[in-house]
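FYI, it's all coordinate maths here, none of it is from the lab. Being a predicted model, the structure only gives us computed values, none of them experimental. Note that we place each Cβ from the backbone using ideal geometry, even for glycine, and neighbour counts take in every protein chain shown.
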Amino acid sequence: MMRRSLLVACAMMLSQAALAQEGVTRLVVSFPPGGPVDTVARALAEQLSHELGGTVLVVNKPGANGAIAAQEVAQSKPDGTTLWLSSVGAVAINPSLYPHLAYNMARDFTPVGRVVNNVEVLVTNDANPAKDAAAFVAASKVAKEPTPMGSTGVGSVPHLAIEQLAEATGARLLHVPYKGAAPANTDLLGGQISGMFGDIAGLVGLIHGGKLRALGVAAPTRSPVLPGVKTLAEQGIQGVDTNNWYGLFAPAKTPAAKVASLNLAVTKALNTPALHDKLQALGSDPAPSTPAELAALLAADTAKWGRLIKAKHIRIQ
Amino acid sequence: MHQTLSDLWFGFGVALQPTHLMWSVFGVLVGNLIGVLPGMGALTTISILLPLTYVIAPVPAILMLAGIFYGSQYGGAIGAILLNLPSHPPHAVTCLDGYPMTRQGKGGTALGITMMSSFFAASFGIVVMIFLSPLLVRVAFKFGPTEISAIMLLGLLAGGTMARGSPLKGVAMTAFGLLCGVVGTDVNSGTSRFSFGLAGLSDGVELGALCMGLFGVADFLVSVGKESAQVGHARVRMRDMRPSRAEIRQAMPAMLRGTLVGTLFGAMPGTGPTITTFIAYALERRIARKPERFGHGAIEGVASPEAASHSKTQIDFIPTMSLGIPGDAVMALILGALILKGIQPGPQLITEHPDIFWGLIASFWIGNVLLVLLNVPMIGVWVKLLQVPYKYLFPSAIFFICVGVFSSHNALFDVGMVGVAGVIGAVFIALDFPVSPVVLGYVLGPMLEENFRRALLISRGDLSVFIQRPISATFVTISALVLLFQIVAYLRRLRRPAAALSSGEFVTEE
Amino acid sequence: MSRMDKDHIGAALLIGLGLAVSYIGFGYRIGTLTRMGAGYFPVVLGILLIATGAGIGFAPRAAAPRRSQAVAEVRDGQPAWRGWLCILAGIGAFVVLGTYGGLVPATLASVFITAMGDRNNSVGSAALLAGAMTVLATVLFGWALQLQLPLFAWG
């Protein structure tokens with residue numbers, strides 16, 4: 001009996017929020033709860049619901065490298081109540097990676113705005129003698145065997161960053177793919193692999209805790225989260241430029257006025273000190289943009305990664 | 001040592017603060033209740049209640065989420081034992097003997113033993129966590145792809161032959177499970193295998209759907225329309241509600257062994273709780289004087305895997321809390337909640353936020369005490385559930401399965417998969433093939449293949465790494481011995497066909 | 001069905017499955033033991049399935065097994081086509097109506113159809129159960145647990 005009444009109490013509590021307003025905006029995420037994109041989505045949803053004056057619900061539709069979420073959003077009503085928060089992979093990399101993708105970015109979606117920049121940082125474990133990226137690369141060139149580097153999967157941003165580094169410096173690197181970041185981190189800590197690229201957000205704890213050493217940031221400017229870490233360009237390594245940005249997309253036929261008002265709300269939310277600081281503490285760099293800027297970024301990154309994927313013969317059947 | 005005890009004292013101070021205690025109790029209760037529903041696991045419950053953590057402070061938020069996690073595990077055992085519905089995959093092993101016990105009218109006993117084992121093992125795991133975590137973290141790093149694939153090999157050999165009946169059938173079903181595990185994107189090459197162009201299959205067969213189909217739905221398909229199969233459901237005797245002293249004496253050593261297995265595996269990263277329960281069960285069966293009792297309601301077959309899964313679960317919190325590396329999806333969600341509260345998980349968590357770390361450890365124990373206090377008096381109520389007429393029970397259960405499986409990935413495709421798995425399971429049951437090795441193969445296969453290929457990738461194709469590295473060499477040697485033992489036993493049985501009948505030729509599988 | 005029949009059917013299924021799996025597996029890159037491609041493991045599994053299937057189908061049997069009374073009765077009863085069809089149709093209804101109708105219609109239909117699989121249920125009692133479960137689903141899943149499946153979704 002006590003349990004039942006508790007359950008009812010819990011029901012009341014949770015439902016009140018949802019029933020209060022009618023306008024529910026669904027923020028579809030192509031990853032399961034708990035991952036980095038989901039975490040950013042939930043932080044954004046909280047603030048965005050204040051800006052939009054309605055509930056913003058995070059909907060997790062994981063699977064098929066984002067294709068399931070993409071199709072869900074592409075097929076929903078283009079009235080601005082369904083948005084897709086995607087990292088760069090599903091929108092700018094997968095079109096070059098998969099020969100038969102079930103969605104088409106140009107045909108099915110209209111950009112709303114960028115949310116965060118997530119640049120990659122090159123890390124190694126504390127046992128590795130290399131103190132910076134230049135030393136890491138130099139060591140790989142004289143080593144007997146190629147240096148094993150982890151990634152979060154074939155065609156993932158960390159994988160492409162490894163390819164860029166090898167191309168830019170002639171380093172001899174061995175790509176070792178993992179299912180996600182957690183097992184790769186464990187193997188790096190245990191010394192099974194020598195280094196990896198990863199989103200700063202996922203590594204900042206291990207870097208601050210002294211377990212991993214940040215060797216260089218793969219972006220034109222230093223990260224506000226790791227101000228002491230030099231960029232790769234500062235160390236004389238050009239052409240390793242990765243940004244695993246997250247952006248919002250709406251179904252293609254969403255009216256321009258609606259997109260503009262959503263963009264305004266997202267920009268305002270991202271500029272609120274509370275959300276700005278929270279995202280930065282997560283290790284992501286809040287970076288609102290206009291829809292046009294996101295469109296340009298999408299086009300540029302699609303071209304950049306497409307070229308690399310073709311040149312390195314990275315293919316997925 | 002002294003420092004640890006004073007830290008722990010501090011932790012209890014944190015956990016027992018009224019608001020903290022309240023949220024912890026709330027989490028445990030909700031987790032327990034929702035865990036009882038078939039197919040609803042901790043992941044769903046935590047993701048549903050995540051928004052609540054926005055409005056409460058970090059310490060109570062994490063205590064609540066952790067409470068949901070182990071509360072739902074206690075709850076999940078109830079569905080597994082009473083209805084053959086393992087909503088939490090490690091409980092698939094508990095079904096093997098727990099459900100036959102229910103059909104013999106001893107569901108209450110099975111639940112009582114489960115609660116006892118879970119509590120004991122969790123408490124033991126917590127103690128290990130408190131005193132040995134720096135050591136365990138160091139050990140964990142010794143396990144690379146080479147070691148993990150060697151362990152998986154041993155798991156396959158030990159588990160594949162544990163099913164009742166012909167060992168050949170066990171191997172065949174394990175192979176079928178391995179095949180189910182292969183479906184989806186191959187990590188090493190990115191190739192999509194056996195997905196037939198279906199987006200829903202590109203990430204593989206969903207474990208929850210497979211378990212619910214092979215066990216729950218298959219059982220309903222076998223017993224629907226057959227009164228005789230449903231008898232056990234209605235038979236509840238009050239005097240069977242509490243485990244007798246003899247039963248406790250019988251379960252005790254198994255519980256201890258299970259706890260040790262769970263603790264050992266707790267130290268090895270990348271070995272999930274499901275594998276741990278299979279190993280614990282296989283061990284019990286191997287050392288039992290009458291192995292043929294297993295699968296027909298052997299109480300050790302309930303006590304040992306339940307204990308193993310609970311000690312493993314507790315110890316799994318070590319990498320999550322001391323490194324910030326989540327062991328599984330649930331841990332990732334709990335860490336995500338911490339991050340949302342502005343707390344960066346990582347090695348510095350213990351020193352920067354001792355209230356979270358030690359408060360959590362203290363709350364584990366408080367939560368486990370609460371769960372026992374809550375669940376033991378409730379056993380009678382749960383068992384009464386079985387008196388719901390079968391004609392109402394199975395349609396409701398099927399519906400809960402659909403919703404539960406849907407909720408883990410918000411995918412209706414997975415619900416369809418339950419139906420398919422149910423048909424496959426029913427066909428196998430009808431043909432007297434054991435279904436539990438399928439789950440084992442499914443869980444072990446991808447890890448074996450993935451890590452084996454990764455180990456050889458890193459060693460540049462040198463197979464000798466498996467015997468050069470001491471930990472993996474040990475496991476390879478044990479595997480070889482197990483295999484040898486099996487072959488010798490098989491040959492001996494071939495020579496004396498009469499003996500085959502008396503040793504475990506009970507081929508029926510519920 | 002006798003024990004022999006069952007084993008032969010099971011063996012045939014395993015061999016068929018093993019052949020199919022090997023065939024598909026050969027379509028992926030095979031590689032070698034030390035440099036496995038995506039197809040290596042599936043082909044090994046296919047061969048293992050064929051081998052165990054052959055072993056089960058052709059191995060000599062000593063005698064028929066003992067079986068408990070109750071279980072034998074269950075297994076050897078009449079095929080329960082109605083129950084089987086209704087359970088599977090109930091799950092199917094949940095998938096289809098979940099996609100096109102929402103939680104409420106999906107619950108109503110799936111519980112009703114599944115309940116009709118038991119001869120002891122009349123249309124009335126099945127409908128009553130379906131109604132009760134729908135109320136429960138609405139309150140518990142739709143409302144309290146905020147299941148990410150809308151109550152009604154037309155179109």
(message) Could you list A:ILE162, B:ILE401 so that the one with the fewest beta carbons within 10 Å of its beta carbon is first and the one with the most is last?
(response) A:ILE162, B:ILE401
(request) Report, in whole Å, the centroid distance computed from the Cα atoms of region A:208-287 and region A:23-66. (result) 17
(request) Among B:ALA473, A:LEU27, B:GLN348, flag the residue with its Cα farthest along the positive direction of the charge dipole of the protein assembly as shown, charges on Cβ as +1 for Lys/Arg and -1 for Asp/Glu. (result) B:ALA473
(message) Can you find, among B:ALA61, B:PRO395, B:LEU491, the residue sitting farthest towards the positive end of the charge dipole of chain B, where Lys and Arg contribute +1 and Asp and Glu -1 at Cβ?
(response) B:LEU491
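Could you give the DSSP H helices of chain B that reach 24 angstrom or more along their long axis (alpha carbon positions) and whose average Kyte-Doolittle hydropathy is no lower than 1.0?
On the way: long enough: B:18-36 (27 Å, 1.34); B:58-83 (37 Å, 1.43); B:107-140 (42 Å, 1.69); B:245-266 (30 Å, 0.34); B:354-384 (44 Å, 1.45); B:390-409 (30 Å, 1.13); B:412-430 (28 Å, 2.19); B:436-458 (34 Å, 0.74); B:470-495 (38 Å, 1.28).
In chain B, the long hydrophobic H runs are B:18-36, B:58-83, B:107-140, B:354-384, B:390-409, B:412-430, B:470-495.
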(message) Whole angstrom only: what separates the Cα centroid of region C:1-46 from the Cα centroid of region B:120-181?
(response) 25
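Pick out the long, greasy-scoring helices in chain A: whole DSSP H runs spanning 20 Å or more along their own axis by Cα, mean Kyte-Doolittle at least -1.0.
Values: long enough: A:2-20 (27 Å, 1.18); A:36-52 (23 Å, 0.02); A:256-271 (22 Å, 0.78); A:291-311 (30 Å, 0.45).
For chain A, where a helix must reach 20 Å along its axis and average at least -1.0, the hits are A:2-20, A:36-52, A:256-271, A:291-311.
Taking other Cβ within 10 Å of each residue's Cβ, how do C:VAL135, A:VAL176, A:VAL24 sort, fewest first? Before the final figure, lay out each step's value.
Working: C:VAL135 11, A:VAL176 23, A:VAL24 15.
So the ranking, lowest neighbour count to highest, is C:VAL135, A:VAL24, A:VAL176.
Per-residue mean of other chain beta-carbon atoms within 10 angstrom of the beta-carbon, peptide B:199-207? Before the final figure, lay out the partial values.
Values: counts 8, 3, 2, 5, 6, 1, 0, 1, 0.
What the average comes to for B:199-207 is 3.
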(request) Tabulate in residue order the Karplus-calculated ³J(HN,Hα) for region B:188-205, using 6.51 cos²θ - 1.76 cosθ + 1.60 with θ = phi - 60°, rounded to whole Hz; enter x for Gly and Pro. (result) 6, 10, x, 5, 8, 10, 6, 9, 6, x, 8, 4, x, 9, 5, 9, x, 6
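Rounded to the nearest 500 deg cm²/dmol, what is the calculated helix-only ellipticity per residue at 222 nm for chain A, with -39500 (n - 2.57) per DSSP H run of length n ≥ 4?
-13500 deg cm²/dmol
Which order do B:THR277, A:THR267, B:THR271 fall in if you start with the one that has the fewest other Cβ atoms within 10 Å?
On the way: B:THR277 33, A:THR267 17, B:THR271 24.
Listed from fewest to most nearby Cβ atoms, that is A:THR267, B:THR271, B:THR277.
Work out the mean other chain Cβ neighbour count within 10 Å for the residues of B:82-93 and drop it here as an integer. Walk me through the intermediate numbers first.
Details: counts 0, 0, 0, 0, 0, 0, 0, 0, 0, 0, 0, 0.
Taking the mean over all residues of the peptide, I get 0.
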(request) Take the alpha carbon atoms of region A:94-110, find their center, do the same for region B:55-84, and report the distance between the two centers in whole angstrom. (result) 40
(request) Taking the Cα centre of chain B as origin, sum charge times position over the Cβ atoms of Lys and Arg (+1) and Asp and Glu (-1), and report the length of that vector in debye to the nearest 20. (result) 1420
(request) Count, for each residue of B:137-150, the Cβ atoms from other chains sitting within 10 Å of its Cβ, then give me the mean as a whole number. (result) 3
(message) Run the Debye formula on the Cα coordinates of region B:1-136, all scatterers equal and no solvent, and tell me log10 I(q)/I(0) at q = 0.11, 0.15 1/Å.
(response) -0.48, -0.82
